[in-house]
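Every read-out reported here was derived from the displayed coordinates using simple, explicitly stated rules and does not represent laboratory data. Note that the structure is predicted; figures quoted are calculated from it, not measured. Note: ideal-geometry Cβ built from the backbone for every residue, glycine included; neighbour counts use all protein chains shown.
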Amino acid sequence: MRDKDSLDQIVDFHALRHTFCTNVGNSGVPINVAKALMRHSSIAMTERYMHTDEKTKAAAVVNLPNLIQPILKPVRPTRGQ
């Protein structure tokens, strides 16, 4: 059985803040909302705490066409083609 001091070395409040911020980000919460939940004064600080996993990055890449499509104007064929 571990004593209290060895447990404190494994899990501390700071590590839990990193875990919380990472889980919030990986669940799709916008970074400005994570910033508010973490009570950070800047997005840059939230970025330091948030460690995005590969699965979340891959899902974002797959979703890019859905994000870009509304921006693109439909291409209309020219006359005579």
How much FRET efficiency would the formula 1/(1 + (r/R0)^6) give for GLU54 and ALA15, where r is the Cβ-Cβ distance and R0 is 25 Å, rounded to 0.05?
0.75
Take the alpha-carbon positions of the stretch 4-68, form their convex hull, and give its projected area averaged over all directions (one quarter of the hull surface) in nm².
5.5
